[in-house]
Amino acid sequence: MRRPGNTDGMLLGRVIRKIGPLGSVVIAFQVASTTRQHWQSVPSEDRARLQLLLRRSRGKPSNLSTAERRELVKLVHSLQLPRLVRDAAVNAVGIGRQLRRPLD
């Protein structure tokens, strides 16, 4: 059930209808590409350690020691996820605008 005043879902639906299914695929590809670039900007030692800790935890932080949990939190903070979200959104909006622009 939608709450009154919550128009996020409606706005997203309108945008997807405007750009069409192919536009949605292009935007998804752009977001994936941005995510890949961001992941590769993280030092390889940090990526490897983060992967190891995530595998070891099997999705359950209590499977890690206290020191490993602290290290995991530090590594996740170093990922700068807000920057990733911002960059992906900026790139997706730019692509969306290009896709909606009428052809000359």
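Worth a mention:
- Label zone at L79 (point 7 Å along Cα-to-Cβ), backbone N below 14 Å, the stretch 18-52: 35-43, 46-52
- For V76, net neighbour charge (Lys/Arg +1, Asp/Glu -1) across residues whose Cβ lies under 14 Å away: +3
Bear in mind these aren't lab numbers, they're just calculated from the coordinates by the rules spelled out. Treat the numbers as computed from the prediction; the structure is a model and nothing was measured. Note that we place each Cβ from the backbone using ideal geometry, even for glycine, and neighbour counts take in every protein chain shown.
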